[in-house]
Every structure is written in C-alpha cells, then in structure tokens.
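Coordinate-derived values only; no laboratory data. Computed from a predicted model, the values in this text were never measured in an experiment. Methodologically, a virtual Cβ is constructed for each residue, glycine included, from the backbone with ideal geometry; neighbour enumeration extends over all protein chains shown.
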Amino acid sequence: MTSFDFRPRTRIVSGLGEFTRLGEVAREHSPNRCLLLADQSMVDAGYAQEAVRSLKARRMEVFAFHECGPNPTVAMVEAARQYAAPHGIDLLIGLGGGSTLDLTKAVNVVLSNGGSIRDYWGYGNIQKPLLPMIAVPTSAGTGSEAQSNAAITDPEAGATLTCGDAKIVFRTVLLDPRLTLTQPAALTASAGFDAISHAVETLISTRRTAISECFSNEAWRLLDANYARVLRMPEDLESRAAMLLASHFAGIAIEQSSLGPAHACAQPLVRNYQLQHGAAVALVLASTLEWLDERTSLVPRLRQLAAAAGLPMTLHDAGVPESALPRLAEEASAQWSGRFGSRSLDAASALEIYRAAFHGN
C-alpha cells in the first residue's frame, strides 16, 4: 500500500446560503484590510458587492481588484500586487472560478515573499509564510481551492507554468451552490467534465493512496449522479451543491495523488486550439483509459456523459486536423502528468491516443 501523510489544512463550509457568512468567517482570521479578487462577471452578478458588504459589516476595510481574467498571466499577478502593496493587506479572498483562485494564490506569494511570480516556478521555493486566504469558488470544475499550486501563464516563455508549495493553502473554503447559478451552460458542461476527469484520473494514478481513493470515489459518485441532471435542470440547487462538493473532493484527490496521461494529452489541445480545458480532456479521457487498459468499464458512461453535455465527441468534430496529431503528441509527451499512468506516455503512445480520439474509437 502506498504511504501517505494526510494533513487537512482547510476548513470546508458547504451549503446553500453559506456565502452570507463570509464576513463572519473572515473575522476569525482577525484581519483589518482585505484584498478581494473577483472578475467582472462577479461584479455583474452582484456577488462582489455582496462580499464587500459582508466584510465591511464585520469592521474590515476592503480593497477590491477586478482586473482578473481567464488563464491569469504574470502581468495580472503584478498588477494585483502593485494595487495591494500600499494597503497593508492581511487577508486575501478569491471569489470566482479556478482562474481567479489561482490568481489569488499567486498574488499572495508575491505579496508575502516579494519578487516576481516567475521566481517561484517549480515546487517548494517559497521561503516565508503566506497571508491567510479564503476561497469562494463559483464553478464546479478545477478544484483549485483544494490544491497547493497556482497555474500562471507566462507569454514570454510561451507556456503556463506552475508554482507549487505546501504553504499555498486556503485556510477556509466556502462552497455555496447559489453562486454557480450564473455559470453559462457551456461552462457548466466543460467545468463539470473537468471535475469528472479529476475523479477518474486520480483513481488510476500510480501515486494514488488509500486517502486519495476515498475522495476520488466519492467525487465520482456525486458527479455520475448529478452532472447530467444539472445540465437538464440548471436551477436544481441540490445537484449544484453535489457538483460543487464533488469538484472540491476531486481537488483534494489531486493534491494527495496526481493527474495522468489524459491531462497530458489535453493540455496541447487547449494551448493550440483554444478549447476549454474540460472539453479538451473529455476528448481524450476515454481513449486514454482504453490505451491504459484501466477502468475501461467507465468508458461507455464517460462517452454518454460527454454526449449529454453536447461536448465534441472526436478531435475531428473539435476542428483538430489529423495532420497536427504528431506535433501534438510530441507536446503531450513533455507534460509532467504523463508520468503517472500505468504505462509510460511517450510521443508514440500519445499519438495512439490522439488517433483513437480523432476517429472516436
């Protein structure tokens, strides 16, 4: 049995209406000046303003930063740092999807430790403690709020690089399904399948442990029962609550285990064809399981769920030309997550997966 060291570091507050307790929960960290990171969609939905009122009601000064966007960049991190630095921030709150939560973590790193986020690529390079953070995820997908890393795009390097450290941890996570109601249907479908892929890949990772399997299995149970239901009935808050909790559990599983070859194959599709991450991994997950000869009993169900979501079913359907597959395979073979399958992912293996995904078999 694989050894593990499981040390829960995050308080999970889950349930309908729990967002109203943000100020109360934040006050437990004894802050005076909070940095709230929330993108424009959170302003448009009124959630950013609701957060500010809740925090101010508990006698906290709030500085709100809204220049957030998908796939946060080095420049976004620096802009947020420059905005926050003069104000003596002692608590950060991320309100939004996985991109906003990753941005929150990265901003905390540079506020607490100085320098540029480029100085912290890799794992374990943070020397000083970080400020306390609270996450309020508004999408059921990445599980970023459960993971001790931040993915930041560096246009100069032409890559999305990861900063990871055990210090990068949200002290508290508020999971309120009401906040996911503003999610567009296409994002609900893509993000939800991302969570599904996390549950499945952590189950087959060679780094899985008894602890990670507990979270992976429960995440899959909740997702299998509620994903299609949320797509059919988007106002169903019970199903949305199950999806949000499942996404978090799958994020914990990633933290304790790892992802695998499907994510290695998905990343070049995102980079080269601007596919949403969940849609990209949906294209290759079933083919990867068949290549690994692992959990193949799940393959028909995964394809059924992808079809119910209206996601593209083949690389051909997604507009990926067959001539591009060898180049994509080379890129996939360089991804770190390709190391954690029961078979080693090299370029030839990735090409086999892509060809199966291109034809849908």
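Table for the structure above
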read-out: Cα Rg over Rh - the chain, Kirkwood; value: 0.96
read-out: Cα gyration tensor shape for segment 15-55, rounded if a/c is under 1.5, else prolate or oblate; value: oblate
read-out: Mean ellipticity per residue at 222 nm, deg cm²/dmol - from DSSP H runs of n ≥ 4 across the chain, formula -39500 (n - 2.57); value: -15500 deg cm²/dmol
read-out: Using alpha-carbon coordinates, inclination of helix 347-359 to the longest axis of the chain, degrees; value: 80 degrees
read-out: Gaussian network model of the chain, Cα within-10 Å springs - most flexible of Thr188, Thr153, Thr202; value: Thr153
read-out: Selected from Thr104, Trp291, Gln304, residue furthest toward positive end of dipole (the chain; charges at beta carbon); value: Thr104
read-out: The chain: most fluctuating residue of Asp176, Asp194, Asp154 per GNM, C-alpha cutoff 10 Å; value: Asp154
read-out: Rounded to the nearest 20 debye, dipole of segment 185-359 from Cβ charges on Lys, Arg, Asp, Glu; value: 40 debye
read-out: Dipole magnitude of the chain about its Cα centre (Cβ charges: Lys, Arg +1; Asp, Glu -1), debye to nearest 20; value: 760 debye
read-out: Sorted peptide list for 246-257, 282-293, criterion being average Cβ within 10 angstrom, highest first; value: 246-257, 282-293
read-out: Of Leu174, Leu222, Leu161, the one that fluctuates the most in a GNM where the chain has Cα springs shorter than 10 Å; value: Leu161
read-out: DSSP bridge orientation in the chain - percent antiparallel, rounded to nearest 5; value: 20 percent
read-out: Tensor-based shape of segment 251-361 (alpha-carbon gyration tensor, a/c under 1.5 rounded, otherwise prolate or oblate); value: rounded
read-out: Partner lysines for Lys56 [C-alpha distance under 28 Å; skip if fewer than 8 residues away on the same chain]; value: Lys105, Lys167
read-out: Principal axes of segment 11-180: Cα extent on each, largest first, Å; value: 41, 31, 27
read-out: Net charge of Cβ neighbours under 9 Å - reference Thr142; Lys, Arg +1; Asp, Glu -1; value: -3
read-out: Mean separation of Cα contacts under 8 Å, 6 or more apart, over the residue count of the chain: relative contact order %; value: 15 percent
read-out: Check: segment 1-123 dipole with +1 on Lys, Arg Cβ and -1 on Asp, Glu Cβ, in debye; value: 380 debye
read-out: Distance between segment 189-232 and segment 97-120 - C-alpha centres, whole angstrom; value: 27 Å
read-out: Beta bridges by DSSP in segment 107-167, antiparallel share as percent, to the nearest 5; value: 75 percent
read-out: Overall Cα dimensions of segment 145-279, principal axis frame, Å, largest first; value: 42, 36, 29
